[in-house]
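Engineer: There's a structure below that I have some questions on.
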Amino acid sequence: MVSNVSSPTLLEALSSDFLACKICLEQLRTPKTLPCLHTYCQDCLAQLDNGGQVRCPECRETVPVPPEGVAAFKTNFFVNGLLDLVKARAPGDAHSGKPTCALCPLVGGKSSGGPATARCLDCADDLCQACADGHRCSRQTHKHRVVDLVGYRAGWYDEEARERQASQCPQHPGEALCFLCQPCSQLLCKDCRLGPHLDHPCLPLAEAVRSRKPGLEELLAGVDSNLMELEATRVAEKEALAQLREQAASVGTQVEEAAERILKSLLAQKQEVLGQLRALVETAEEATRERLTKIESQEQVAKAAAAFARRVLSLGLEAEILSLEGAITQRLRQLQDSPWTPGPTRCVLPKLQLHPGLQDKNCHLLRLSFEEPKQSQKDHEKVGAGTQGGDEAQSQVEERTKVGKQGGAQSLCKDGALTPKEGKAQNPQEDDDVQIERGNRANKKKKCKGRGKPVSREPSPILRPTLEGAALLPRPVFSWSFPTRMPGDKRSPRITGLCPYGPQEILVADEQNRVLKRFSLNGDYKGTVPVPEGCSPCSVAALQNAVAFSANARLYLVNPEGEVQWRRSLSLTQSSHAVAAMPCGDRVAVSVAGHVEVYKKEGSLATRFIPGGKASRGQRALVFLTTSPQGNFVGSDWQQNSVVFCDGLGQVIWEYKGPGLHGCQPGSVSVDKKGYIFLTLREVNKVVILDPKGSLLGDFLTAYHGLEKPRVTTMVDGKYLVVSLSNGTIHVFRVRFPDS
C-alpha cells in the first residue's frame, strides 16, 4: 500500500515545536530518544527517573532506565543535526550580537575575528570576506560551498546545509560518523573503525541506508495502513454516536408526547371521577335538606303539644285539668296516630377502584427496548472482523438484550385502561430509578439544556448501562443539567472549582470569566460572590459566612459581599492550588508544593503537614484535594499517580495506585456522607467509586451518562454529586444506595 501522507519539509521541522522539549518547554538540550520515539532533554528525563523507570509524559508508556542511567538512552542525532542548523543562525559574538569570523583568531593570532559576511556549509564556520576568498583558493577547501551569511541566516540554504551536515562522533570530537558496524548496529568514525570494530564487517553510511531504508519504508507503510484503518474506525465511531444521539432525541420526543397523552387521559379521568363525586354529594345533600325540613316541622309541633300538656298536668287545678282533658287527649292521639318519618336514609358511599396494573410496582407505561443497528456492507468492510474485546462486549450486549426482553411490561388499551403483560421486571430497583429519572426530567424539562456528549474510549458496540453488580454499588439517578454561561460572560466558561454553598446551592469558580457564580441545584442562577479585580479564581471552598478561593498563587478569604478578610501568599512552583473546607466549617485547607496547609478562619496557620511525613518530601503533588465527613483528607497525587487518604496529622491511612485508574492521572475527588470516594478520570470520561477503605468498587458514571471531559466535582448534602464538564455544562446526579 502506498502512503498518501506527505513528508514534512525541513522548514516545517525547524519552525514548529518539534525541537522543543515537552517537559521543560525549552529547546532540546542533549536530546535522548525513548523506545516510544519521543525525545526529551537528558536532564529532564533524569528528573522523571522513578526507581529505575521512566514514564513517557506523552504516551504514558513506562520504560526501564538502562543500568548506566538516562544518559544511556539513544542519542537523537537527527534532532542534533536540526539543532545545529538553528544554533548556527544565532549571533556569534555574545557582546556585540554580530557574527564574527571563526578563522581569523587561528590564522592572524587575533583575540577575536572580524565581522563575518559568509559561511562555509562544509566546515560550518562563519568567515570574514578575506577568509572566505582564501577559503575558495585553498586546495583542501576549494570545493567547499561558501555562501552569503545574510542569505544563510534567512534560511535560503537550509536544504543544502542539511545535505552537507556530518554527524560528529561522541567518542572522538571533530571526527564525522561515516561507517555502520553491522554486527553491533553502531555508528563509527574512522578512529572507531580502527578500534574494537576492526574485524567487524562495516558499511559506509550511504550504502547502509540504501540497504535498510526499504525495510523501514515498508514498516512505515504498514503503520500508515493501520492509521487509515484507525481513521475509518474513528469516523465510524463518531457516526454511530451521532446516530445514537439522533435516535435518543427522537425517542425522547416520543417519550414526552406519550407522557403528555397519558397525563391528558389521566387528568380527563380525574375530572370525570371528581365530577361524579360532586354530583352524588349534591343530590344527596338536596334530598337530605328536604327530609330535614319535614322532620324539623313535625318535631316542633310535637314538642309544643307535649310541653302544653305537661304544664297543665303539673300546674293546673283539678277542674282545669278535667276541662282541658278532652282537647289534650284528642291532640295527643292525633299526634301519636299521625305517620312519622321513617328511619334515616342510607346514602350510597363512593369507593375508588384503581386498575390492578397501577397497584403493581413493576407497572411501566413507558419502557425502552434495544436493538442492534443495521450494518451496511460498506460499514462492514470498514470495521472488519471484531477483536476479542469487541466480541466480549457484544456478548454482554446480547445478554443484556435477553434480560430486557424477559422483563415485564405494561401497555395502554384504546380506552386508557392498563393491560399487564405476562412476566415481571428482573430488576425492580432499576425500574424505580428509571421512573425517578423520568419524573425529574419531566419536572425540569426547561432546565435540561447542554447535556454532555457521551464519548468513551472503551470498545463498546452500543452504549448501555452496566447491569452487572448493580445491586451492590451506589447508582446515579440523573436529576438536573444546566449550562453555566451567563449573558454577561465574555468567554466560554472554564470551571476550575465547585463547592456546596448553602442549602441546595453550589458555588462555581469560572476562571475564564474571573467570577464566582451561584446556582441552585436545578440550575437557577443566584448571582455572584464578588472577587478582587484581576483575580481568576481557581479552586473554591465555602466556610461559615465566608468563601475561600485560590488565585494567582494566593489564598483569599472573602465575605459573601466580596470584602477581602485576609490573603496569604502561596508557592509559585505550581500553577494551581486545591482548596477544601474542613467539616467544622471554620478552617480551610490548601495544597502547596506537595504539602497541605490548614488555616483558621481568622487567618492564622493551624497546621502544616506532608502526607506520609518528611520521608515523602518532594514526592507529592496534590492537584485535587477534599475532606471527608470525619475530617480526613483525600487528594489526587500527580507525582505518585495515586489517590492518597490521610488523617489530619498527615499519616497516610491508605493509598490507591491500582489498575482502576486506567493509566490516567487521578482527577477531582468528592466524598459522600457514608465516606465513599468519587474519583474523576477525565481522559476516559469516567467517575469511579472507592470505598472508605480504598478499594475500587467500579464505575459510577461513564460516557453513557453524558460525561465528556469531566473537569471537577463536588458533593452537596452528602447525596448529590455535581459534575462540571469542559464545555461549561453541569450535571447533577443523586447517589442512590441499594439500601435506601
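The values are calculated or read from the model by the stated rules, or taken from the named source; none is laboratory data. In this text, all values refer to a predicted model and were calculated from it rather than measured experimentally. With ideal geometry, Cβ positions are generated from the backbone for all residues, glycine too; neighbour counts draw on all protein chains shown. Accessible surface is based on the protein model in full, side chains and every heavy atom, while ligands, DNA and RNA are left aside. Shrake-Rupley method; radii C 1.70, N 1.55, O 1.52, S 1.80 Å.
Engineer: Would you please give the residues with an amide H less than 5 Å from that of C499, counting only those at least 5 places away or on a separate chain, with H modeled from the backbone geometry?
Structural biologist: Long-range HN contacts for C499: L507.
Engineer: OK, next. Short version: ³J(HN,Hα) in whole Hz for each residue of segment 325-331, in order, from phi by Karplus 6.51 cos²θ - 1.76 cosθ + 1.60 (θ = phi - 60°), x for Gly and Pro, what are they?
Structural biologist: Those phi angles translate into 4, x, 5, 5, 5, 4, 5 Hz.
Engineer: For E175 and Q359, calculate 0.36 nm times their separation in residues minus their Cα-Cα distance, and state this gained length in nm to one decimal.
Structural biologist: 57.0 nm
Engineer: Which of the peptides 206-218, 52-64, 527-539 is most tightly packed, and how do the rest follow, going by the mean number of other Cβ atoms within 10 Å of each residue?
Structural biologist: So the order, starting with the most tightly packed, is 527-539, 52-64, 206-218.
Engineer: Continuing with the same structure: With the full set of protein chains in place, find how many percent of the accessible area of segment 97-256 is carbon and sulfur; take the probe as 1.4 Å.
Structural biologist: 56 percent
Engineer: Could you sort the peptides 192-203, 122-133 by per-residue average Cβ neighbour count (10 Å cutoff), highest mean leading?
Structural biologist: Numbers: 192-203: 13.5, 122-133: 19.2.
Packing order, densest peptide first, comes out as 122-133, 192-203.
Engineer: Could you report segment 543-693's accessible area per residue, 1.4 Å probe, as an integer in Å²?
Structural biologist: Using a 1.4 Å probe on heavy atoms only, each residue of segment 543-693 averages 41 Å².
Engineer: Need one number: nm distance between label points at E299 and S338, each 7 Å from Cα along Cα→Cβ, rounded to one decimal.
Structural biologist: Placing both labels 7 Å beyond Cα along the Cβ direction yields 1.5 nm.
Engineer: Using square roots of five times the C-alpha gyration tensor eigenvalues, list the equivalent-ellipsoid semi-axes of segment 181-337 in whole Å, biggest first.
Structural biologist: 128, 22, 7
Engineer: For C137 and C59, what does the FRET efficiency come to when R0 = 60 Å and r is the distance between their Cβ atoms, rounded to the nearest 0.05?
Structural biologist: On the way: r = 53 Å, r/R0 = 0.89.
The value I calculate is 0.65.
Engineer: Between V281 and C36, what length comes free when the chain is fully extended (0.36 nm per residue of separation minus the Cα-Cα distance, one decimal in nm)?
Structural biologist: Length difference between fully extended and current span is 79.6 nm.
Engineer: Mind listing the phi-derived Karplus ³J(HN,Hα) values for segment 558-572, rounded to whole Hz, using 6.51, -1.76 and 1.60 with θ = phi - 60°, and x for any glycine or proline?
Structural biologist: 10, 8, x, 8, x, 6, 6, 7, 6, 9, 10, 7, 10, 5, 8
Engineer: Could you order the peptides 682-688, 175-181 from most to least packed, using the average number of other C-beta atoms within 10 Å per residue?
Structural biologist: 682-688, 175-181
Engineer: Output wanted: per-residue J couplings in Hz (rounded whole) for segment 696-712, from phi through Karplus 6.51 cos²θ - 1.76 cosθ + 1.60, θ = phi - 60°, x for Gly and Pro.
Structural biologist: 6, 9, x, 7, 9, 10, 9, 4, 4, 8, x, 7, 9, 6, x, 9, 9
Engineer: Okay, next question. With the crude spin-label approximation of a point 7 Å out along Cα→Cβ, what separation in nm comes out for Q619 versus V150?
Structural biologist: The answer from the label model is 6.1 nm.
Engineer: May I ask you to list the trypsin sites (Lys or Arg not before Pro) in segment 466-554 that are in a DSSP loop and have at most 14 other Cβ atoms within 10 Å of their Cβ? Please list the in-between numbers first.
Structural biologist: Numbers: sites: R485, K490, R491, R494, R514, K517, R518, K526, R554; in loops: R485, K490, R491, R494, R514.
Hits after loop and neighbour filter: K490, R491.
Engineer: Putting +1 on Lys and Arg Cβ atoms and -1 on Asp and Glu Cβ atoms, find which of L661, Q619, Q630 reaches farthest to the positive end of the dipole of segment 584-740.
Structural biologist: So the residue we want is Q619.
Engineer: How far, in nm, would the chain grow between R568 and R310 when pulled straight, counting 0.36 nm per residue and subtracting the alpha carbon separation?
Structural biologist: Contour length minus Cα-Cα distance gives 82.8 nm.
Engineer: Calculate, in whole percent, how much of the Cα-Cα pair population of segment 534-579 lies beyond 14 Å.
Structural biologist: Looking at segment 534-579, the distances longer than 14 Å represent 43 percent of pairs.
Engineer: Each label point is 7 Å from the Cα along the Cα-to-Cβ direction; what then is the distance between the points at A248 and M486, in nm?
Structural biologist: 2.9 nm
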